[in-house]
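The values are calculated or read from the model by the stated rules, or taken from the named source; none is laboratory data. Note that the structure is predicted; figures quoted are calculated from it, not measured. We place every Cβ from the backbone using ideal geometry, glycine too, and count neighbours over all the protein chains shown.
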Amino acid sequence: MRRLKRANIAKQKVEIFKPTIDKRYSETEVVSHDKNSILSTPVDSSGNILLYADDVDVVGIDEAQFFDEGIPSVCNQLANQGVRVIVAGLDMDFKGIPFGPVPALCAIADDVTKVHAVCVRCGAPAYISHRLVESEKRVLIGELTNYEPICRNCWKESNTAFSVSYNF
């Protein structure tokens, strides 16, 4: 949001998009958990972004994990046209599995900044959005009542069925 607001201040033409399924705080705004907001256009599919992103300098895309597999191609097309593309999204789901098209977006991005929340249990950088409610659905739109940011150690401690092994 900060980068998009700065582009507006710089008098660049900015369009911001979010998936229509994300209605947590607002249907037409991207809203952070601390209530900062910026106007956006909800779209049903990544292809619709191209319809609305005509003659812009900067495109912002929020909650990229909820878009279809065409979003990397859309971002590439916009970037190849000289549009600055800023994408935000979760790279992993609540089980620690790469989430939707975000890994592909990271692979083709010119630059990737991984931003971490703070673990609400110990204060370390958060690793994952830990689901607090019972549901095996991969996509469960939720706010702070459904998820909490926690670090890898706290996540492992809270998941007795931790079955994924990583060697870093």
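Overview of values
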| quantity | calculated |
| --- | --- |
| Residues of the range 78-102 that turn out to be over 26 Å from Tyr147 (Cβ atoms) and exposed (fewer than 15 other Cβ atoms within 10 Å of the Cβ), as a count | 3 |
| Elements of type helices (runs of 4 or more DSSP H) contained in the range 32-112, each with 2 or more residues being within 30 Å of Val133 (Cβ to Cβ) | 102-108 |
| Selection within the range 81-90 - touching a residue at least 40 places away in the same chain (Cβ under 8 Å) and over 12 Å from the mean Cα position of the chain (by Cα) | Arg84 |
| Residue ID - modelled with the lowest pLDDT, chosen from residues in the range 115-166 that are among the aromatic types (Phe, Trp, Tyr) and either touching a Lys or Arg at 6+ places or on another chain (Cβ under 8 Å) or not in a loop (DSSP other than H, G, I, E, B) (or both) | Phe162 |
| Matching option when the condition is at pLDDT below 70, surrounded by 13 or more Cβ atoms within 10 Å (Cβ to Cβ) and under 16 Å from Arg84 (Cβ atoms), among Ile38, Ile16, Ile49 | Ile38 |
| Considering residues of the range 120-136 that are without any contact (Cβ under 8 Å) to a residue 24 or more places away in the chain and of a type in the set (A, V, I, L, M) only, the residue surrounded by the fewest Cβ atoms within 10 Å (Cβ to Cβ) | Val133 |
| Residue in the range 52-71 that is surrounded by the most Cβ atoms within 10 Å (Cβ to Cβ), counting only those that are within 25 Å of Pro98 (Cβ to Cβ), hydrophobic (A, V, I, L, M, F, W, C) and touching a helix residue (DSSP H, G or I) at 6+ places or on another chain (Cβ under 9 Å) | Phe67 |
| Pair list, Cβ under 7 Å, 6 or more apart: the range 91-119 residue farther than 12 Å from Ala64 by Cβ, other residue in a loop (DSSP other than H, G, I, E, B) and of a type in the set (Val, Ile, Thr) | Gly96/Val164 |
